[in-house]
1. Would you confirm, using the coordinates I've provided, whether V192 is within 26 Å of G70 (Cα to Cα) and either away from the ligand (no atom under 16 Å from the Cβ) or open to solvent by less than 20 Å² (accessible area, probe 1.4 Å) (or both)?
2. Search region 58-84 for residues that are under 15 Å from L235 (Cβ atoms) and pair each with any residue that is among the polar types (S, T, N, Q) when their beta-carbon atoms are under 7 Å apart and the residues are at least 6 apart or on different chains.
3. Report, by residue number, each residue of region 109-118 that is near the ligand (Cβ under 6 Å from one of its atoms) and open to solvent by less than 50 Å² (accessible area, probe 1.4 Å).
4. Residues to consider are I83, I67, I47; find the one that is away from the ligand (no atom under 16 Å from the Cβ) and either surrounded by 15 or more Cβ atoms within 10 Å (Cβ to Cβ) or basic (K, R) (or both).
5. Just checking, does region 134-142 include any residue being open to solvent by 50 Å² or more (accessible area, probe 1.4 Å) and either touching an Asp or Glu at 6+ places or on another chain (Cβ under 9 Å) or without any contact (Cβ under 8 Å) to a residue 60 or more places away in the chain (or both)?
6. Could you tell me whether S243 is surrounded by 17 or more Cβ atoms within 10 Å (Cβ to Cβ), over 23 Å from S129 (Cβ atoms) and out of contact with any Gly (no Cβ under 7 Å at 6 or more places or on another chain)?
7. Which condition does A102 not pass, out of (1) open to solvent by 10 Å² or more (accessible area, probe 1.4 Å); (2) modelled with pLDDT of 95 or more, if it passes all the others?
8. Would you call R5 farther than 25 Å from T244 by Cβ, of a type in the set (K, R) and open to solvent by 20 Å² or more (accessible area, probe 1.4 Å)?
Amino acid sequence: MNPTRKRILAAIADGPVSGPDLAAELDISRAAVWSHVEALREDGFEIASESNGYTLGNVPDYGGPAIEYGLDAPLEIEYRDEIGSTNERARELAADGRSNVAVVADRQTGGRGRLDREWFSPSGGIWFSVLVRPELPPADAPLYTLVAAVATARAARAAGVDATIKWPNDVRVGERKLAGILTEMEGEADRVSWLVVGIGLNANVDPADLPGDRPVTTLQSEVGAVDRRAVTQTLLEEFWDLSTAEPEVIMDAWRELASTLGQRVRVETARETIVGQAVDIAAPGTLVVDTQEGLREVTAGDCDHLRPTE
Ligand code: BT5
């Protein structure tokens, strides 16, 4: 959001401030104050103007300015009502040299999961992709999937939903999938050039509009409709804060929320199937599985939690 508009909103949030006072405080003309206020009203901010000045009323429910307003993370928001895939758009922005942008959409027409699987993204969900350029060797990129999973589970918990993480990229309630993560990157030999972390969180969505072949859930069906703006802000802030933490701190946060550890699991990798007990996570995000042949570290794959008899 335009920094002057951000400052106007901050100034009028707690009561009336007159046009001349705002103009003096921001060192702009009164006409400029007026045109910024008009632009903010067009973005959906309710701004009363009375004899004692401007006062901020309701903030828009969702959208770019709504998410940016009060967001405690240095991310620009690019918002679309409809888009093919926020990951695709974030990759385009990466090619343009951009960074620290989150592309957010109300619905996606071509949402993607891993291995080009379809990701259902009807209106009412939280679908977004964060583009960052961390100073990280490419091999450490999976840490960002852990960060995204922790941030998503924490945001769901803040909304009252008992979410846990299933390795590598699912956030679930019990056995029902609530959210998925798709991390993509481009790297040079020794460092990441860009990273796009896509998060799809079923927020105010009817489970009938989601895949019927696997157990799924939504925040709305767990606790009733949520404030998408607040959930998105919490998620982005948690993501930003944890993304700069040391790997050990990230992994400890992950361990605390993981449902996979201690489970018997079957992991399908591109080459083989590994069965055993998931005992730990290791940097940068590998699952440590205790198998009949000893400890194995798995970097990627589809993981099923098995019942003890399987
Ligand atoms: C994922 O893949 O879980 C990653 C999903 C990432 C989606 C976000 S939305 C914003 C950004 N833009 C994109 O285009 N993508 C990212 P995977 O682990 O491969 O799981 C995919 C499987 O989850 C599908 O094959 C379905 O079985 C199931 N699925 C599809 N849509 C779902 C939904 N909305 N909720 C729960 N499960 C779903």
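1. Answer is no for this residue.
2. I67/T232; I67/Q233; G70/Q233; L71/Q233; L75/N100
3. Correct list: G111, G113.
4. Numbers: I83 fails: away from the ligand (no atom under 16 Å from the Cβ); I67 fails: away from the ligand (no atom under 16 Å from the Cβ).
Step by step, each of I83, I67, I47 is checked, and only I47 is away from the ligand (no atom under 16 Å from the Cβ) and either surrounded by 15 or more Cβ atoms within 10 Å (Cβ to Cβ) or basic (K, R) (or both).
5. Yes, that holds for at least one residue.
6. On the way: surrounded by 17 or more Cβ atoms within 10 Å (Cβ to Cβ): yes; over 23 Å from S129 (Cβ atoms): no; out of contact with any Gly (no Cβ under 7 Å at 6 or more places or on another chain): yes.
No; evaluated as a whole, the condition is false for this residue.
7. Among (1) open to solvent by 10 Å² or more (accessible area, probe 1.4 Å); (2) modelled with pLDDT of 95 or more, A102 violates only (1).
8. Details: farther than 25 Å from T244 by Cβ: yes; of a type in the set (K, R): yes; open to solvent by 20 Å² or more (accessible area, probe 1.4 Å): yes.
Judged against the criteria, R5 is a match.
The values are calculated or read from the model by the stated rules, or taken from the named source; none is laboratory data. In this text the structure is predicted, and so the values were computed from the model without any measurement. Ideal geometry is used to build each Cβ from the backbone, glycine not excepted, and the neighbour counts take in all protein chains shown. Ligands, DNA and RNA are excluded from the accessible area calculation, which covers all protein heavy atoms including side chains. Shrake-Rupley method; radii C 1.70, N 1.55, O 1.52, S 1.80 Å.
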